[in-house]
Structures are given as structure tokens and as C-alpha cells.
Amino acid sequence: MAKYPKISRDKFSREVKEYLREMNDRAMNGTAYPDLNYGPYGNEGGHGSMKLPPVPSKGDTHYFEGRCGMTRNHDPGRYRFVFLVDMTTTTPLILKRYYSDNHYASFYEIVS
């Protein structure tokens, strides 16, 4: 299993911290935000993307991605978050949080 450098949320800019807060709220409560493009993450590793660890085969656990911030071309996704979420509990449980600032070429694991 690949090791991912760790990054503390304290290291993020105020803008990225706000997107991370929105992503947490979306994953746990289903709240929609206009600047957060949220959906399933395939984890295929295509087009030069780095793969994350496989999803556990038991239960209802999935990767979800959030693309936020605008690129220079005004496309969403300057910042990318991928969360591993356990959906078997009453309130979804976020198991892992990852961040990419280079369109999934590499990931950081987000720690407290």
C-alpha cells in the first residue's frame, strides 16, 4: 500500500479550509454547496492519476470527491478532496480524507 505524505488542515489557506469544511458537511449531512462539485470517485488511476488504497470489500464504503475552486480556465476543481466514507452507519462516517492540488497526480492524507 502506498504511503501518502500527511498534511494538517492548519497548513491550508483560509479558502481551502472553507472548502474542506463544506466537503465534511456534504459527506456527513448531505448539504449541497454551489461551489462544491461532489460525487463518487472511481479510483481508477487513469490519465496519470495516483490510485488510493482499495475500498474495503465489506459493507457500504465508497470514495467521494469534491472539486472546488476555479482553475485558470474557469473549470471547477483547482482543489480536489477525496473522502473514504462508511455509509453503513446512521450518520456517514469519514474514514480517510485526501487532498490533491495537481489533479490527482499525487495525494496528501489530511490529518487533524
- [ ] Can you give me the number of residues within region 54-68 that are part of a strand (DSSP E or B), more than 20 Å from Glu18 (Cα to Cα) and either within 10 Å of the chain's Cα centre (by Cα) or free of Cβ contacts under 8 Å to residues at least 24 places away in the same chain (or both)?
- [x] 1
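Go through region 1-21 and report how many residues are of a type in the set (Phe, Trp, Tyr) and either touching a helix residue (DSSP H, G or I) at 6+ places or on another chain (Cβ under 7 Å) or farther than 11 Å from Arg97 by Cβ (or both). Don't jump to the end; show me each part of the working.
Keep residues of region 1-21 that are of a type in the set (Phe, Trp, Tyr), which gives 4, 12, 19.
This time we only want the ones that are either touching a helix residue (DSSP H, G or I) at 6+ places or on another chain (Cβ under 7 Å) or farther than 11 Å from Arg97 by Cβ (or both), so: 12, 19.
Adding up the residues that qualify gives 2.
Taking Val85, is it over 23 Å from Arg14 (Cβ atoms), aliphatic (A, V, I, L, M) and without any contact (Cβ under 8 Å) to a residue 40 or more places away in the chain? Break it down into steps so the answer makes sense when it comes.
Working: over 23 Å from Arg14 (Cβ atoms): yes; aliphatic (A, V, I, L, M): yes; without any contact (Cβ under 8 Å) to a residue 40 or more places away in the chain: no.
For Val85, the condition - over 23 Å from Arg14 (Cβ atoms), aliphatic (A, V, I, L, M) and without any contact (Cβ under 8 Å) to a residue 40 or more places away in the chain - is not met.
Within region 8-23, track down each residue that is farther than 27 Å from Thr89 by Cα and not in a helix (DSSP H, G or I).
Residues satisfying the conditions are Phe12, Ser13.
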- [ ] Enumerate the pairs (first residue in region 1-30 and more than 24 Å from Lys51 (Cβ to Cβ); second residue anywhere and small (Gly, Ala, Ser) and loosely packed, with under 14 Cβ neighbours inside 10 Å) with beta-carbon separation below 9 Å, excluding pairs fewer than 6 apart on the same chain, so at least 6 apart or on different chains.
- [x] Asp10/Ser112
- [ ] Only one of these is among the aliphatic types (A, V, I, L, M), modelled with pLDDT under 90 and within 20 Å of Tyr4 (Cβ to Cβ): Val85, Val55. Name it.
- [x] Val55
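Somewhere in region 24-35, is a residue hydroxyl-bearing (Ser, Thr, Tyr) and in a helix (DSSP H, G or I)? Please lay out each step first, then the result.
Here is the first cut: in region 24-35, the ones hydroxyl-bearing (Ser, Thr, Tyr) are 31, 33.
Then drop every residue that is not in a helix (DSSP H, G or I), which leaves none.
No; the residues of region 24-35 include none that is hydroxyl-bearing (Ser, Thr, Tyr) and in a helix (DSSP H, G or I).
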Task: Flag for Lys3 being more than 14 Å from Tyr108 (Cβ to Cβ) and modelled with pLDDT under 90 - done: no
Open item on the list: Condition first: assigned to a loop (DSSP other than H, G, I, E, B), touching a Lys or Arg at 6+ places or on another chain (Cβ under 8 Å) and among the polar types (S, T, N, Q). Now tell me which residues in region 36-53 satisfy that.
Closed with: Asn43
Task: Residues of region 14-24 satisfying the condition of being under 21 Å from His74 (Cα atoms) and surrounded by 10 or more Cβ atoms within 10 Å (Cβ to Cβ) - done: Glu15, Val16, Lys17, Glu18, Tyr19, Leu20, Glu22, Met23
Task: Single residue of region 25-47 satisfying the filter (under 16 Å from Tyr99 (Cα atoms) and either over 13 Å from the mean Cα position of the chain (by Cα) or of a type in the set (Gly, Ala, Ser) (or both)) that is surrounded by the most Cβ atoms within 10 Å (Cβ to Cβ) - done: Ala27
TODO: Filter region 80-99 down to the residues that are of a type outside the set (A, V, I, L, M) and buried (at least 21 other Cβ atoms within 10 Å of the Cβ), then identify the one that is nearest to Gly30 (Cα to Cα).
DONE: Phe83
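The values are calculated or read from the model by the stated rules, or taken from the named source; none is laboratory data. Just so you know, these numbers come straight off a predicted model, no measurement behind them. For neighbour counting, all protein chains shown are included, and Cβ atoms are generated from backbone atoms with ideal geometry for every residue, glycine included.
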